[in-house]
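Take a look at the structure set out below.
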């Protein structure tokens, strides 16, 4: 299949979740609707974090089935779902892994993609990752056109990030205007949390010192007068 309309953010999240779980938890794959919803709403390895309802996910699954990107099967009493991206788009395993990671985690550098892909697929090196990304970016029009794009390097960043094109063209201007917003926000939140924790530990330590000094009858600031030295008998 080469004629694929741009996916909505919810459809992309559902598709990416199925691609992830197929590789990380194969024992519970294909997934029921409940498991797809849980995976879509994870707080980790997701950018942005979403809070999707059963109805939203079910609607997205129906649309993805219509686009041949998802296959539904009956397992027991509930329907199960699995992705069909590789066959539908005609891409190899490595390319599918990179697309799945970009769908779930947002724009990333080649080095970040190699690191985040550890549980999905082990790339030999960063050059290998870049090779498959370039293949996706140079995909011929008769095959459906490019599926990835290298974004302009943002101020303060050492490396440029890659993004997927399954949801249509990326607004590169807004991304180039500043560092990756989610990464910057997460870094700031983590730093603030560390500072608050250190301040709390310091306050507790100071209180302990004051208490111990009171019990020993000494000043927490140390002796105020120099210690008296015994004179040597002549």
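The values are calculated or read from the model by the stated rules, or taken from the named source; none is laboratory data. Predicted model, so just to flag it, every value in this text is computed and none were measured. All Cβ positions, glycine included, derive from the backbone under ideal geometry; neighbour counts span all protein chains shown.
Of the residues making up the stretch 63-85, those that are loosely packed, with under 15 Cβ neighbours inside 10 Å and either out of contact with any strand residue (DSSP E or B) (no Cβ under 9 Å at 6 or more places or on another chain) or in the same structural domain as residue 135 (by TED's automatic domain parsing) (or both) are 66, 68, 75, 76, 77, 78. Do we find that residue 99 is surrounded by 16 or more Cβ atoms within 10 Å (Cβ to Cβ), outside the structural domain of residue 37 (by TED's automatic domain parsing) and touching a strand residue (DSSP E or B) at 6+ places or on another chain (Cβ under 7 Å) in this structure? So residue 99 fits the description; yes. A residue that is in contact (Cβ under 8 Å) with a residue 12 or more places away in the chain, exposed (fewer than 13 other Cβ atoms within 10 Å of the Cβ) and under 18 Å from residue 168 (Cβ atoms) occurs somewhere in the stretch 35-51.
For residue 72, are the conditions met, namely being assigned to a helix (DSSP H, G or I) and over 30 Å from residue 153 (Cα atoms)?
no
Of everything listed in (1) closer than 20 Å to residue 105 by Cα; (2) surrounded by fewer than 17 Cβ atoms within 10 Å (Cβ to Cβ), the single unmet condition for residue 20 is (2). Listed here are the helices (runs of 4 or more DSSP H) enclosed by the stretch 1-69 that have at least 3 residues being within 25 Å of residue 113 (Cα to Cα) and at pLDDT 95 or above: 9-24, 33-40.
When 119, 114, 158 are checked against the criterion of being closer than 26 Å to residue 44 by Cα, in contact with a helix residue (DSSP H, G or I) (Cβ under 6 Å, 6 or more places away or on another chain) and loosely packed, with under 15 Cβ neighbours inside 10 Å, a single residue qualifies: 119.
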